[in-house]
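S.K.: Below: one structure in structure tokens.
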Amino acid sequence: MTEFVKPVVDYFELAPLLVVFGVACVGVMIEAFAPRAVRYLAQVVLSLVGLVAALVFVVLIAQDAPVHGKGAARGILALGGTIAVDGPTLFLWGLVLLLAIAGLLLFAERHLDGGVSAFAAQAAALPGSDAEREASKQGLDHTEVYPLMMFAVFGMLLFPAANDLLTMFVGLEVLSLPLYLLSGLARRRRLLSQEAALKYFLLGAFSSGFFLYGVALVYGYAGSMDFVAIGEAVRNDAANRSLLLVGMGLLTVGLLFKVGAVPFHAWTPDVYQGAPTPVTAFMAAGTKVAAFGAILRLFYVAFGSDRWSWQPMMWVVAILTMVVGAVLAVTQTDVKRLLAYSSVAHTGFILTGVLGVQATSDLAAGEISALQAVLFYLATYGFATLGAFAVVGLVRDAGGEVTSLDRWAGLGKESPIVAGVFAFFLLAMAGIPLTSGFVGKLAVFSVALAAGAWPVVVVAVLASAIAAYLYIKVIRTMYFDDPIGDGPTVVYPSVLTATTIAVGAAATLVLGVIPGPLLDLAGLAGQFVR
């Protein structure tokens with residue numbers, strides 16, 4: 001008879017998770033009992049304090065992380081081995097929390113829409129109905145978005161730290177469900193927002209089903225959901241290998257959906273366009289960081305010994321993702337959809353770095369690991385994307401945001417600062433030198449070459465050239481095309497959105513000119529605890 005062993009809860013190492021989850025729960029209580037007049041300020045302050053406190057705990061844990069496991073791995077397996085608090089986890093936690101703080105400032109912005117936020121006054125009311133118009137006249141606001149955001153952040157922290165398949169599934173769902181709701185809460189263009197939320201929910205439910213079915217098959221193969229035990233079963237070449245291959249494929253479908261890789265990208269342009277722009281910015285940056293962290297952990301720890309089975313699949317997915325994302329981005333006439341397909345292309349670029357995770361374990365002096373390159377790229381992409389979507393929210397007319405590309409013609413004359421900052425973010429996405437995008441692409445392409453994936457790198461370079469043409473076309477439209485009618489109008493933001501844009505631009509510039517400190521920090525993250 002097997003005795004039950006009480007799991008040890010490492011409260012200090014789990015403090016970032018506990019703080020964020022606690023703040024989300026308190027936020028729900030505020031919505032239930034606090035007067036409406038004080039909810040906005042209370043939710044913003046509570047969420048900001050909670051995110052900053054969680055970030056402080058991440059720094060303290062990183063300074064005290066013990067050596068554990070093999071090689072350079074530092075950290076512990078907490079909560080009965082279900083959560084790995086190691087170097088990569090702490091790096092991803094810090095990055096997610098920084099992006100969440102910047103995203104929270106966009107959520108709290110009220111200056112752009114004349115004293116109200118970007119979120120619906122009454123989400124339960126039909127779009128265009130008298131109830132909705134009355135709620136808008138009263139200046140009502142959905143402050144429920146703040147606890148929803150905090151629950152999403154909690155999922156983003158749990159997802160890459162999960163050390164077994166069940167915990168990873170819980171993280172996936174906790175991350176996804178709040179985003180489904182947030183995507184449908186736009187104050188303007190409500191039908192488009194609700195359509196986006198429905199598409200995201202339905203496709204997300206299918207992807208979760210694939211992931212859960214893959215969990216069952218891999219459990220049938222290994223007899224365990226623990227990543228270390230699965231890795232041992234793979235190394236020992238356990239019987240019924242077909243269960244492993246099919247289960248691995250199904251798990252990959254669920255994870256590739258979250259990062260928007262081809263052919264699981266169909267939701268990306270519709271959701272990015274229809275969701276409130278603050279949600280799009282936060283989702284585009286944070287979700288990709290968390291999901292790629294989960295991909296790295298799953299394929300490095302659990303399936304690392306069977307890389308010859310999954311690397312060819314990743315080759316194909318990476319190539320398709322880069323080509324489809326870059327080519328379809330060129331055809332877009334909406335700025336948010338353009339950035340969505342650009343995000344798809346960047347997913348392919350990051351996947352080129354994932355291909356070298358195993359091949360660069362033994363490094364010569366001066367070389368960087370694939371894990372280090374991917375972590376650095378996630379940081380550069382996150383800040384540039386968050387800043388770019390923040391700028392998109394500034395270009396408006398009487399009907400709200402103007403995202404049609406032809407309406408951006410003449411923006412360089414109307415507002416040289418806004419056009420210049422947006423052009424800078426686009427150049428970073430193109431990988432122009434002296435921007436963070438150049439260093440990030442150079443890093444992931446280098447490790448892919450070291451892994452022998454030179455065909456993928458060739459396609460990546462060609463896709464980068466196509467994407468560069470796209471970004472230059474947008475810059476030409478802003479500076480050299482004649483405006484339509486009165487031209488675009490820029491509404492200058494409060495200090496909240498301005499801070500997010502400034503932080504994104506500063507990070508993009510500094511990481512392009514002085515990338516060494518962040519690369520070193522990613523290198524200090526070491527390897528995954530096993």
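The values are calculated or read from the model by the stated rules, or taken from the named source; none is laboratory data. Since the structure is predicted, the reported quantities are computational estimates derived from the model, not experimental observations. For neighbour counting, all protein chains shown are included, and Cβ atoms are generated from backbone atoms with ideal geometry for every residue, glycine included.
S.K.: So, of the residues in the range 474-526 that are among the small types (G, A, S) and in a loop (DSSP other than H, G, I, E, B), which turns out to be farthest from F422 (Cα to Cα)?
M.R.: Kept after step one, since they are among the small types (G, A, S), are these residues of the range 474-526: 485, 487, 494, 498, 502, 504-507, 512, 516, 522-523, 525-526.
Checking the rest, the ones that are also in a loop (DSSP other than H, G, I, E, B) come to 485, 487, 494, 525-526.
On the way: G485: 22, G487: 17, S494: 18, A525: 32, G526: 35 Å.
Filtering first and then ranking leaves G526.
S.K.: Among the candidates A53, A72, which residue alone is modelled with pLDDT under 90, over 19 Å from D226 (Cα atoms) and of a type in the set (G, A, S)? First the steps, then the outcome.
M.R.: Values: A53 fails: modelled with pLDDT under 90.
The match here is A72.
S.K.: So, one more: Which numbered condition in (1) touching a Ser or Thr at 6+ places or on another chain (Cβ under 8 Å); (2) part of a helix (DSSP H, G or I); (3) closer than 25 Å to T333 by Cβ is the only one that D270 fails?
M.R.: Single failed check for D270: (1).
S.K.: Quick one: which of M168, M156, M225 is touching a residue at least 24 places away in the same chain (Cβ under 8 Å), hydrophobic (A, V, I, L, M, F, W, C) and touching a Phe, Trp or Tyr at 6+ places or on another chain (Cβ under 6 Å)?
M.R.: Details: M168 fails: touching a Phe, Trp or Tyr at 6+ places or on another chain (Cβ under 6 Å); M156 fails: touching a Phe, Trp or Tyr at 6+ places or on another chain (Cβ under 6 Å).
None of the other options fit; the residue is M225.
S.K.: Another question, then. If S224 meets every condition in (1) of a type outside the set (D, E, K, R); (2) part of a loop (DSSP other than H, G, I, E, B); (3) closer than 17 Å to F159 by Cα apart from one, which number is that one?
M.R.: (3)
Rundown of residues vs (1) touching a Leu at 6+ places or on another chain (Cβ under 7 Å); (2) of a type in the set (A, V, I, L, M, F, W, C); (3) at pLDDT below 90, yes/no style:
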position	(1), (2), (3)
P276	yes, no, no
A294	yes, yes, no
Y300	no, no, yes
V327	no, yes, no
D334	yes, no, no
R337	no, no, no
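S.K.: Quick check on G516: is it buried (at least 22 other Cβ atoms within 10 Å of the Cβ) and not hydrophobic (A, V, I, L, M, F, W, C)?
M.R.: Details: buried (at least 22 other Cβ atoms within 10 Å of the Cβ): no; not hydrophobic (A, V, I, L, M, F, W, C): yes.
Taking the combined requirement at face value, the residue does not satisfy it.
S.K.: Filter the range 380-420 for residues that are part of a loop (DSSP other than H, G, I, E, B) and not polar (S, T, N, Q); which is surrounded by the fewest Cβ atoms within 10 Å (Cβ to Cβ)?
M.R.: Taking the range 380-420 first, the residues part of a loop (DSSP other than H, G, I, E, B) are 393-394, 398-399, 402-403, 409-410, 415.
From the residues that got through so far, the ones that are not polar (S, T, N, Q) too are 393-394, 398-399, 402, 409-410.
On the way: G393: 26, L394: 24, A398: 6, G399: 8, V402: 20, A409: 21, G410: 21.
Ranking the qualifying residues of the range 380-420, first place goes to A398.
S.K.: Now for a separate question. Residues of the range 210-223 being more than 12 Å from L251 (Cβ to Cβ) and surrounded by fewer than 17 Cβ atoms within 10 Å (Cβ to Cβ), which ones? Show your work before the answer.
M.R.: We begin by selecting, within the range 210-223, every residue more than 12 Å from L251 (Cβ to Cβ); these are 220, 222-223.
Selection gives G220, G223.
Residues checked against (1) modelled with pLDDT of 90 or more; (2) over 29 Å from A118 (Cβ atoms):
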residue	(1), (2)
S242	no, yes
G247	yes, yes
T252	yes, yes
V259	yes, no
F264	yes, no
W267	yes, no
Q273	yes, no
V279	yes, no
F282	yes, no
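S.K.: Right, another one. State whether the residues of the range 183-203 include one that is buried (at least 23 other Cβ atoms within 10 Å of the Cβ), under 30 Å from A102 (Cα atoms) and among the charged types (D, E, K, R).
M.R.: No - not one qualifying residue is present in the range 183-203.
S.K.: State whether one or more residues within the range 392-406 are at pLDDT 90 or above, under 30 Å from Q311 (Cβ atoms) and not acidic (D, E).
M.R.: Looking through the range 392-406, none of the residues is at pLDDT 90 or above, under 30 Å from Q311 (Cβ atoms) and not acidic (D, E).
S.K.: Looking only at the range 286-335, filter to residues that are of a type in the set (D, E, K, R), surrounded by fewer than 22 Cβ atoms within 10 Å (Cβ to Cβ) and in contact (Cβ under 8 Å) with a residue 60 or more places away in the chain; which one of those is nearest to L97 (Cα to Cα)? Please lay out each step first, then the result.
M.R.: So the first thing to find is which residues in the range 286-335 are of a type in the set (D, E, K, R), and the list is 288, 297, 306-307, 334.
Now drop any that are not surrounded by fewer than 22 Cβ atoms within 10 Å (Cβ to Cβ), which leaves 306-307, 334.
Applying the additional criterion that residues be in contact (Cβ under 8 Å) with a residue 60 or more places away in the chain yields 306, 334.
Numbers: D306: 33, D334: 29 Å.
If we take residues in the range 286-335 being of a type in the set (D, E, K, R), surrounded by fewer than 22 Cβ atoms within 10 Å (Cβ to Cβ) and in contact (Cβ under 8 Å) with a residue 60 or more places away in the chain, then D334 is nearest to L97 (Cα to Cα).
S.K.: Which pairs do you get when a residue that is acidic (D, E), found in the range 178-195, comes within reach of a residue that is modelled with pLDDT under 90 and surrounded by fewer than 23 Cβ atoms within 10 Å (Cβ to Cβ), reach meaning Cβ atoms under 6 angstrom, with the pair 6+ apart or on two chains?
M.R.: none
S.K.: Six or more apart or on different chains, Cβ under 7 Å: which pairs go from a residue in the range 76-102 that's assigned to a helix (DSSP H, G or I) to one that's among the hydroxyl-bearing types (S, T, Y)? Could you list them?
M.R.: What qualifies is A102/T500.
S.K.: While we're looking at this one, here's another question. The conditions are (1) in contact (Cβ under 8 Å) with a residue 12 or more places away in the chain; (2) more than 15 Å from V391 (Cα to Cα); (3) surrounded by fewer than 20 Cβ atoms within 10 Å (Cβ to Cβ), and A460 fails exactly one of them. Which is it?
M.R.: It is condition (3) that A460 fails.
S.K.: Applying the selection to the range 428-456, what residues are surrounded by fewer than 22 Cβ atoms within 10 Å (Cβ to Cβ) and part of a helix (DSSP H, G or I)?
M.R.: Scanning the range 428-456 gives A430, F438, L442, S446, L449, A450, W454, P455.
S.K.: Now for a separate question. Take the residues of the range 4-40 that are acidic (D, E) and not in a helix (DSSP H, G or I): which is modelled with the lowest pLDDT?
M.R.: Kept after step one, since they are acidic (D, E), are these residues of the range 4-40: 10, 13, 31.
So of that shortlist, the ones also not in a helix (DSSP H, G or I) come out as 10, 13.
On the way: D10: 81, E13: 89.
Going through the qualifying residues, I end up with D10.
S.K.: If you don't mind, there's one more thing I want to ask. May I ask you to say which residue of A498, A525 is without any contact (Cβ under 8 Å) to a residue 60 or more places away in the chain and of a type in the set (G, A, S)? If you could, list the steps in order and put the result at the bottom.
M.R.: Values: A525 fails: without any contact (Cβ under 8 Å) to a residue 60 or more places away in the chain.
Selected residue: A498, the only one of A498, A525 that is without any contact (Cβ under 8 Å) to a residue 60 or more places away in the chain and of a type in the set (G, A, S).
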